[in-house]
Amino acid sequence: SGYRPRPTKPPAKGQKKEAVVYPDEGGCKHAYEELGELCPTGCELRNAVLKQERTVKDGLSSVRPRVESLSHSSTNIYKYASLLGDKVKERQQQTQDNQNVLNEYSGDLEEQYTYIKENLDNNIPSNLRILRQVLENLRSKIQKLETTISTQVENCKSPCVSSCNIPVVSGKECEEIFRKGGETSEMYLIQPDGFFRPFKVYCDMTTQDGGWTLIQNRQDGSVNFGRTWDSYKNGFGNIARDGGKGICDMP
């Protein structure tokens with residue numbers, strides 16, 4: 001009626017046989033642990049199910065928050081993945097737009113390069129020829145100027161001689177010079193006052209019996225008399241033809 005184990009091998013000769021203890025009938029576990037558990041009775045099955053139910057409930061209670069956390073994390077990951085997907089699409093579109101703009105600018109640059117190259121190839125040689133000709137003309141003018149300057153330098157090495165000869169006759173004024181024999185209308189030295197140095201004036205020896213001291217003279221209109229006070233104070237032009245005697249030169 002009870003469970004009986006498989007018979008063991010008979011002991012060798014001279015070896016004492018060990019006593020075998022069998023479990024009580026109706027038990028749930030075998031006396032030998034290596035043989036495992038026996039088939040439980042109905043009562044034991046119910047108790048085992050109840051024990052397993054409590055264990056399963058406890059396990060489910062501990063697992064449920066983790067499942068909810070994983071579900072929430074999965075939702076967030078899905079949203080983040082969707083957002084990343086949108087960003088990737090947007091970046092791809094932006095990259096495509098940039099590529100289109102780059103292609104457009106590349107075409108414009110290519111056209112500009114072609115235009116500049118054609119102008120350089122066609123216009124630069126002719127412009128260089130013109131510049132060379134202008135340079136040659138300037139070089140020729142510079143050489144002429146250098147020659148002229150050298151001539152002037154040589155001329156200035158000797159003392160300069162005044163081209164305006166002052167007659168020997170002089171006096172206090174042109175009338176006195178006229179009485180002393182000055183008959184030619186030209187520049188003379190006069191000294192109205194002995195406290196002042198002599199200065200040159202133009203004496204008219206022909207108009208109305210002569211002896212006139214000119215402070216202004218207008219003959220050919222080559223000099224503009226519409227001037228400032230400084231010009232009349234210091235003198236301007238050539239008093240022998242067109243000009244004015246400086247007022248400050250007359251005491």
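Read-outs throughout are calculated quantities, based only on the coordinates presented, and are distinct from any laboratory measurement. Bear in mind that the values here come from a model prediction, so they are computed numbers and not experimental data. Don't worry about glycine lacking a Cβ; one is built from the backbone with ideal geometry, like all the others, and counts go over all protein chains shown.
Remark: 175, 118 ranked as 118, 175, counting other beta-carbon atoms within 10 Å and listing the fewest first. Each residue, residue 209 and residue 70, gets one label point 7 Å from its Cα in the Cβ direction; the gap between the two is 14.5 nm.
Taking θ as phi - 60° and the Karplus parameters 6.51, -1.76 and 1.60, the scalar couplings of the range 108-120 work out to 5, 4, 5, 5, 4, 4, 4, 5, 5, 5, 5, 5, 5 Hz in sequence order, x denoting glycine and proline. Here the calculated FRET efficiency for residue 126 and residue 106, from their Cβ-Cβ distance with R0 = 30 Å, stands at 0.45, rounded to the nearest 0.05. The H on the amide N of residue 186, modeled in the peptide plane, is under 5 Å from the matching H of 203, 205, each at least 5 residues off or on a different chain. Here is the P(r) of the range 56-210: all C-alpha pair distances, binned every 5 Å from 0, give 2, 6, 6, 5, 4, 4, 4, 4, 4, 4, 4, 4, 4, 4, 4, 4, 4, 4, 3, 3, 3, 3, 3, 2, 2, 2, 2, 1, 1, 1, 0, 0 in whole percents.
Using 0.36 nm per residue and subtracting the Cα-Cα separation, the extra length available between residue 153 and residue 135 on full extension is 3.8 nm. Residues whose amide H comes within less than 5 Å of that of residue 191, counting only those at least five positions distant or on another chain, are 171, 172, 173 (H built at 1.01 Å from N in the peptide plane).
The label point for residue 199 and the one for residue 55, both projected 7 Å from the Cα toward the Cβ, are 13.9 nm apart. Extending 7 Å from the Cα toward the beta-carbon at both residue 89 and residue 231 defines two label points whose distance is 8.6 nm. Amide H to amide H distances under 5 Å link residue 236 with 244, 246, where only residues 5 or more positions off or on other chains count and H is placed in the peptide plane.
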